[in-house]
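First comes the structure, then the notes that go with it.
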Amino acid sequence: MKLAGLKSFENAHEESIWAATWVPATETRSALLLTGSLDETVKLWKPDELVLQRTNTGHCLGVVSVAAHPSGHFAASASLDSFVRVFDVDTNNTIASLEAPPSEVWQMQFDPKGTILAVAGGGSASVKLWDTATWNLVATLSIPRPEAPKPSEKHSSKKFVLSVAWSPDGRRLACGSMDGTISVFDIGRAKFLHHLEGHFMPVRTLAYSPTEPRLLFSASDDAHVHMYDAEGKTLVGAMSGHASWVLSVDVSPDGTAIATGSSDRTVRLWDIGMRAAVQTMSNHADQVWGVSFGPAGGPGRLASVSDDKSISLYDFS
């Protein structure tokens, strides 16, 4: 497995780019790359040549997360303005505007069936679940504190929820917090199951394996990448190599590799079987906030986005 640089687009946005994901292909168009920036815009790109398709406005502060519905027909952007904007990918018409109190909208992800949007609730110490048919809030999953908090962990920022990830069967939702804990919920019962421990700094990014429903990957400001059996509560692998915070992780569609982006300005490709980094890409001149593999079934692609305002596109084979 290896990455080969295909194209870099400098100044793709006017400010730092904090979020990227792929919009699946529909009957009438191929997959698109979706990026969100502190410049308050969301952009849609034709991925092969990084040709700009459309710039979406509608937020009044920076965009911190983007998510695409599995149908490819609509997507969502979350902003520091405390709104999640749901929009039609092909027309940019607003479908819904979901409001939350300040600092309570961070990472978000649609479940595999596309029926629920999960939003990491930041300072609310919870995850909000929105029904995608009605856009009503259907559940709030509160993150319990670990059993024996240390005296230093009493201030509220420790419960800040940064990241979410759905298991491929949609039965579990994992959430990463500022204090380094990962919480796992049974969605059918809306019930907290357990914490996964091992990180001691913020977990900004999580991703389940698309091929192994129990396997969860996490990355943290402690510079480590962890592999958990999320059902058995066990840490099955720990990988290190980045020189600073690991800000983003994604798993390849075939489940054989992960990619990570870091404050050390690099993108790394890791072989899951070897549990080791096999390649380091140094295309960016600043922190790499997002890495995202292209959808299964298409050409093997990876995109990365950075504080340097650029997008890099790689071939993955």
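Observations on the model:
- Residue in the range 179-197 that is basic (Lys, Arg) and part of a strand (DSSP E or B) present: yes
- Every test in (1) under 19 Å from the mean Cα position of the chain (by Cα); (2) over 30 Å from residue 277 (Cβ atoms) is passed by residue 33 save one, and that test is (2).
- Residues of the range 213-253 that turn out to be open to solvent by 40 Å² or more (accessible area, probe 1.4 Å), over 17 Å from residue 165 (Cα atoms) and within 18 Å of the chain's Cα centre (by Cα), as a count: 2
- Taking the range 224-240 as the range and being hydrophobic (A, V, I, L, M, F, W, C) and in contact (Cβ under 8 Å) with a residue 40 or more places away in the chain as the test, the residues that pass are 225, 227, 230, 238.
- The lone exception for residue 287 - which of (1) within 16 Å of the chain's Cα centre (by Cα); (2) more than 15 Å from residue 243 (Cα to Cα); (3) not hydrophobic (A, V, I, L, M, F, W, C) it fails: (2)
- Residue 127 vs. criteria modelled with pLDDT of 90 or more and either open to solvent by 40 Å² or more (accessible area, probe 1.4 Å) or closer than 30 Å to residue 29 by Cα (or both): no
- Residues in the range 33-68 that are of a type in the set (Lys, Arg) and either in contact with a helix residue (DSSP H, G or I) (Cβ under 8 Å, 6 or more places away or on another chain) or crowded, with 17+ Cβ neighbours inside 10 Å (or both): 43 alone.
- Output for the range 96-117, where each listed residue is over 16 Å from residue 164 (Cβ atoms) and buried (at least 16 other Cβ atoms within 10 Å of the Cβ): 96
- Selection within the range 181-205 - buried (at least 21 other Cβ atoms within 10 Å of the Cβ), closer than 18 Å to residue 227 by Cβ and not aliphatic (A, V, I, L, M): 181, 183, 199, 204, 205
- Members of the range 71-104 that are out of contact with any strand residue (DSSP E or B) (no Cβ under 6 Å at 6 or more places or on another chain) and under 22 Å from residue 52 (Cα atoms): 71, 73, 90, 91, 93
- Pairing each residue of the range 271-286 that is farther than 24 Å from residue 18 by Cβ and in contact (Cβ under 8 Å) with a residue 24 or more places away in the chain with any residue that is among the hydroxyl-bearing types (Ser, Thr, Tyr) and in a loop (DSSP other than H, G, I, E, B), provided the two are 6+ apart or on different chains, yields C-beta distances under 9 Å for 271/256; 272/209; 272/252; 272/256.
- Residue 210 being over 28 Å from residue 139 (Cα atoms), assigned to a loop (DSSP other than H, G, I, E, B) and in contact with a strand residue (DSSP E or B) (Cβ under 9 Å, 6 or more places away or on another chain): no
- Residue in the range 206-220 that is more than 24 Å from residue 129 (Cα to Cα) and free of Cβ contacts under 8 Å to residues at least 40 places away in the same chain present: no
- Candidate set from the range 69-95 (those that are open to solvent by less than 20 Å² (accessible area, probe 1.4 Å) and in contact with a Ser or Thr (Cβ under 6 Å, 6 or more places away or on another chain)); member that is nearest to residue 30 (Cα to Cα): 72
The values are calculated or read from the model by the stated rules, or taken from the named source; none is laboratory data. The shown structure was predicted, so the numbers you read here are calculated from the model rather than taken from an experiment. Heads up, the Cβs are rebuilt from the backbone with ideal geometry, glycines too, and the neighbour counts pull from every protein chain shown. SASA here: full protein model, heavy atoms, side chains in, ligands and nucleic acids out. Shrake-Rupley method; radii C 1.70, N 1.55, O 1.52, S 1.80 Å.
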